[in-house]
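**Student:** Got a structure here, written out as structure tokens. Questions coming.
The values are calculated or read from the model by the stated rules, or taken from the named source; none is laboratory data. Since the structure is predicted, the reported quantities are computational estimates derived from the model, not experimental observations. Heads up, the Cβs are rebuilt from the backbone with ideal geometry, glycines too, and the neighbour counts pull from every protein chain shown. Keep in mind that these areas ignore ligands, DNA and RNA; they rest on the heavy atoms of the full protein, side chains included. Shrake-Rupley method; radii C 1.70, N 1.55, O 1.52, S 1.80 Å.
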Amino acid sequence: MRIGKWDHDAFVAVVKDFHGHVAPGVIIGGYMVEMARRTLPEGILYDAVSETVQCLPDAIQLLTPCTVGNGWLKVYHFGIYALSLYDKYTGEGTRVRLNVEALDAYPRVRAWFLKEKPKREQEPELLREEIRTAGMDLLQAAPVRIHPDFLVKKGKGVVRRCPRCGEWYPAVLGDLCRRCQGDGPYLAGKE
């Protein structure tokens, strides 16, 4: 079974280099991307959606041309372990999710995903072997159609200088930049 251009073991090595450790979620995500990609017609341009901020975006970025930086990957914080690949013009595509109903046959994956055991008790090598054995049997796919409003690419528009901090930002965000509106991650005076 190939995950993109790699066999399972080679993909695991790529995951470690890219993600910082061998995350079960990225490995399963690799199978999810592969399943979705196999449903798409050859030669189409596609975009991606991740319904979680954890692990799946990295699998998508490793295995497709869709990245956060180029805007072809949209990441939503729904907390659902699912992704979609879809034709960027028609919105037709496939959504793949981790099928929790199938996890009874894979107790280590179940314990990891449902947090039934603390991480220190999960036996990572055995968990990875179970993921390899299960492959796409852990997954469920269904056709989807992306809402047309999400197919429209929105540019930055007019850029203005924030009157408070002097940073340049898209004017559509308001009279002040988002950071000066209180949406930034920094403490005042500690940028």
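**Student:** Can you give the calculated 222 nm mean residue ellipticity of the chain, where each DSSP H run of n ≥ 4 adds -39,500 (n - 2.57) and the sum is split over every residue, rounded to the nearest 500 deg cm²/dmol?
**Tutor:** Dividing the helical sum by the residues of the chain leaves -8500 deg cm²/dmol.
**Student:** In whole percent, and with a 1.4 Å probe on the protein chains, what portion of the accessible area of the chain is carbon and sulfur? Mind showing how you got there, number by number?
**Tutor:** Details: 6060 of 11240 Å².
About 54 percent, which is the carbon plus sulfur part of the accessible surface.
**Student:** Ranked highest first by the average count of other Cβ atoms within 10 Å around their residues, in what order do 152-165, 118-131, 87-100 fall? Kindly include the intermediate steps, with their values, before the conclusion.
**Tutor:** Details: 152-165: 10.9, 118-131: 13.6, 87-100: 17.5.
Those peptides, ordered most packed to least, come out 87-100, 118-131, 152-165.
**Student:** Going by amide H atoms built from the backbone, whose H comes under 5 Å of the H on residue 92, apart from near neighbours?
**Tutor:** Distant-sequence amide H within range of residue 92: 87, 146.
**Student:** With 29 Å as the limit, write out which pairs from 74/115; 74/117; 115/154; 119/153 have Cα-Cα distances beyond it, or answer none.
**Tutor:** Details: 74/115 26 Å; 74/117 31 Å; 115/154 38 Å; 119/153 40 Å.
Where the Cα-Cα span goes over 29 Å, the pairs concerned are 74/117; 115/154; 119/153.
**Student:** In addition: In whole Å, what three semi-axes, largest first, describe the equivalent ellipsoid of the chain built from its Cα gyration tensor (square root of 5 times each eigenvalue)?
**Tutor:** Details: eigenvalues 240, 100, 42 Å².
Working through the eigenvalues yields semi-axes of 35, 22, 14 Å.
**Student:** Okay, next question. What's the ranking of 56-62, 181-187, 66-72 by average number of surrounding C-beta atoms within 10 Å, highest first?
**Tutor:** The packing order, highest mean first, is 56-62, 66-72, 181-187.
**Student:** Can you give the charge dipole size of the chain about its Cα centre, rounded to the nearest 20 debye, using +1 on the beta carbon of Lys and Arg and -1 on the beta carbon of Asp and Glu? Spell out each step's value before the answer.
**Tutor:** Values: 27 positive and 24 negative charges, 159 e Å.
Charge dipole, the chain, about its Cα centre: 760 debye, nearest 20.
**Student:** For the pair residue 68 and residue 92, what calculated FRET efficiency results from E = 1/(1 + (r/R0)^6), where r is the Cβ-Cβ distance and R0 = 25 Å, to the nearest 0.05?
**Tutor:** Details: r = 23 Å, r/R0 = 0.91.
After rounding to 0.05, the efficiency reads 0.65.
**Student:** Search the structure for amide H atoms under 5 Å from the amide H of residue 160, placed 1.01 Å from N in the peptide plane, and list their residues when 5 or more places away or on another chain.
**Tutor:** Amide H to amide H, under 5 Å and 5 or more residues apart or across chains, residue 160 pairs with 169, 171.
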